[in-house]
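The values are calculated or read from the model by the stated rules, or taken from the named source; none is laboratory data. Being a predicted model, the structure only gives us computed values, none of them experimental. Every residue, glycine as well, gets a Cβ built from its backbone with ideal geometry; the counts of neighbours run over all protein chains shown. Protein only, heavy atoms only, side chains kept; ligands, DNA and RNA dropped before computing areas. Shrake-Rupley method; radii C 1.70, N 1.55, O 1.52, S 1.80 Å.
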Amino acid sequence: MRSASLWRVLLGVENTVIEDVEFDEDEELVVAHVRPKRSARGRCGACGARAPWYDRGEGRRRWRTLDLGSTLVFLEADAPRVNCPVHGPTVRQVPWARHAAGHTRAFDQQVAWLATQCSKSAITQLMRIAWRTVGAVITRVWADTAQGIDAFAGLRRIGIDEISYKRHHKYLTVVVDHDTGRLVWASPGRDRATLEGFFDALEASGPGRCAQITHVTADGADWITNVVRGRCHQVVRCADPFHVVGWATEALDAVRRDAWNQARRAGNTKRYGWGAGRRLIVSTGQAKTLKNARYALWKNPENLTERQQAKLAWIAKSDPRLYRAYLLKEGLRTIFRLPPDEAAHALDRWISWARRCRIESFVKLQARIVKHREEILAAIEHGMSNGLVESINTKIRLITRMAFGFRSPNALIALAMLNLGGHRPVLPGR
């Protein structure tokens, strides 16, 4: 094999002429002097369109490529500019790297693959780059991948939810395909304008695609419901059972806290030294038992330990109001296990029970249930929930911990899409 052909294989480049290869002894790195083949010259780096020569630009520049063993390797070439009809004077396209990148395509691809497989410390040490550089690489790779796929093709049943990715109320809105389990879209924010952006992108990808959506699962937030109702007129909206039962759990906990406060005001407390410059007061007796009973009230009856069952029996005897709230929570949870033809009647009976229970938090809850009655029954009829979306959210939380240090959510979204969007990067040459 000729030396130029051998170096072309070792460097992982195509449509490239290897002019010379030298070893810089001072910096201990290999520098390959290259240029694009004639057929690959004269194209705009931004759009790839043919364009006339403009000037020599800023002279020669280097691109980092994959190491040879433990030795750093760079490609060096001229970087003239062409006069693109759309983008104006722009650095010409090169076949070995993306526009405005300081690394070759093979280097980017390996970094992106590592980001989906291992920790950030392993990537930065192995590739000898900063973590912020990893974020820029991931963003480039996903942008390039997204151009070659139709992420919205065949979208029929979707789940919508939001997830916190940073302190100070920083959220992402995510959309998941129920049929494939893929994350199809994510964007910063959790408001009507953010979700409108998804439906705008969906319609832009193909006329009439919003009308092709048949089912949408969500947590009952008004900003989701209003947008879905306005953009998908014939869609079946399904309220997520987990969130609905969560509303009942929150109402139950409000009753427990009220009972706990009443027990403390009745004298079930004692002084317990000083802390942070003030006297500490701790619960005793009935107040202490109520404070430690929340897991017995929250958990499903079939999952209770013997000790938690005993606490529940004690609550039934000592606090009938709190126990009635517990039965209301369990009654609502049971409705989601009923056949669709029985669920509607059972839900109406539960609403009637909650309306006259004289427990403020559950009276408010029944009004909320009435508002979402059709979505709740649709979830039972079609057997749909946001469970898949919550699974994706859990994985995004893990990715968020891995992506700690990215300056913008774009790199986090790109990493999530590479991991969960069904188009994972592959190692160069594999």
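Please find the FRET efficiency linking residue 126 to residue 196, where r is the Cβ-Cβ separation and R0 is fixed at 51 Å, and quote it to the nearest 0.05.
Efficiency at R0 = 51 Å is approximately 0.75.
Below 14 angstrom from the Cβ of residue 107, what's the summed charge of the other residues (Lys, Arg +1; Asp, Glu -1)?
Summing Lys/Arg as +1 and Asp/Glu as -1 gives +3.
Label-point separation (nm) for residue 284 and residue 360, each offset 7 Å from Cα along Cα-to-Cβ?
2.9 nm
First check a/c for the stretch 208-324, with a ≥ b ≥ c the square roots of the eigenvalues of its C-alpha gyration tensor; if it is under 1.5, answer rounded, and if not, answer prolate when a/b is larger than b/c or oblate otherwise.
Note, shape of the stretch 208-324 comes out prolate.
Once fully extended, how much extra length lies between residue 83 and residue 371, figured as 0.36 nm per residue of separation less the alpha-carbon to alpha-carbon distance?
On the way: separation 288, 0.36 × 288 = 103.68 nm, distance 5.95 nm.
Between residue 83 and residue 371, full extension yields 97.7 nm more.
List the aspartates and glutamates whose alpha-carbon lies under 16 Å from that of residue 170, not counting same-chain residues fewer than 8 positions away?
161, 162, 191
If you rank 402, 384 by how much accessible surface each has, with a 1.4 Å probe, what is the order from largest down?
402, 384
Using only the alpha carbons of the chain, what is the convex hull's orientation-averaged projected area in square nanometres?
31.0 nm²
When ligands, DNA and RNA are left out and all protein chains stay put, how many square angstrom of accessible area per residue does the stretch 1-143 have with a 1.4 Å probe?
53 Å²
Based on DSSP, what percent of beta bridges with both residues in the chain are antiparallel, to the nearest 5?
Working: 42 of 55 bridges.
So the antiparallel bridges in the chain amount to around 75 percent.
What part of the accessible area of the chain, given as a whole %, is carbon or sulfur when the probe is 1.4 angstrom?
On the chain, the fraction of accessible area on carbon and sulfur atoms equals 50 percent.
Can you compute the helix-only [θ] at 222 nm over the chain? Use -39500 (n - 2.57) per DSSP H run of at least 4 residues, normalise by all residues, nearest 500 deg cm²/dmol.
Taking each H run of at least 4 residues, the total per residue is -14500 deg cm²/dmol.
Label points 7 Å out from Cα along the Cβ direction at residue 242 and residue 170: separation in nm?
About 2.4 nm separates the two model spin labels.
Can you give the FRET efficiency to the nearest 0.05 for residue 408 and residue 292, using r as the Cβ-Cβ distance and R₀ = 56 Å?
It comes to 0.80.
Quick one: how many Å² of residue 3 are accessible to a 1.4 Å probe, rounded to 10?
About 80 Å², rounded to the nearest 10.
Identify the chymotrypsin sites (Phe, Trp or Tyr not before Pro) of the stretch 333-411 meeting these criteria: DSSP loop state and at most 15 other C-beta atoms within 10 Å of the C-beta.
Here the chymotrypsin sites (Phe, Trp or Tyr not before Pro) that fit, given the DSSP loop and packing criteria, are 404.
What are the lysines whose alpha-carbon lies under 18 Å from the alpha-carbon of residue 270, with same-chain residues fewer than 8 places away excluded?
The qualifying lysines are 288, 291.
If a helix is a whole DSSP H run, which ones in the chain reach 24 Å or further along their own axis (Cα) and hold a mean Kyte-Doolittle hydropathy of at least 0.0?
Helix filter hits for the chain: 131-147.
For residue 310 and residue 395 in the same chain, what is the full-extension length gain: residue separation times 0.36 nm, less their Cα-Cα distance, in nm?
Values: separation 85, 0.36 × 85 = 30.60 nm, distance 3.64 nm.
Taking residue 310 through residue 395 to full extension adds about 27.0 nm, to one decimal.
So if the hydrodynamic radius of the stretch 78-203 is defined as the Kirkwood radius over C-alpha pairs, what does Stokes-Einstein give as its diffusion coefficient at 20 °C and 1.002 mPa s, in µm² per second?
123 µm²/s
For the stretch 161-204, what is the per residue volume of the convex hull drawn over the alpha-carbon atoms, in cubic angstrom?
Taking the convex hull of the Cα positions in the stretch 161-204, it is 68 Å³ per residue.
Can you give me the accessible area per residue for the stretch 188-287, using a 1.4 Å probe, in Å²?
51 Å²
Any lysines with Cα under 26 Å of the residue 166 Cα? List them, leaving off those in the same chain fewer than 8 positions away.
Output for residue 166: 120, 395.
With a cap of 16 neighbouring Cβ atoms within 10 Å, and only residues DSSP puts in a loop, list the trypsin sites (Lys or Arg not before Pro) found in the stretch 10-57.
37, 56
Ignoring the sites themselves, what is the longest stretch of the chain with no GluC sites (Glu not before Pro) in a DSSP loop and at most 15 other beta-carbon atoms within 10 Å?
Here the longest segment lacking exposed loop sites spans 59-430.
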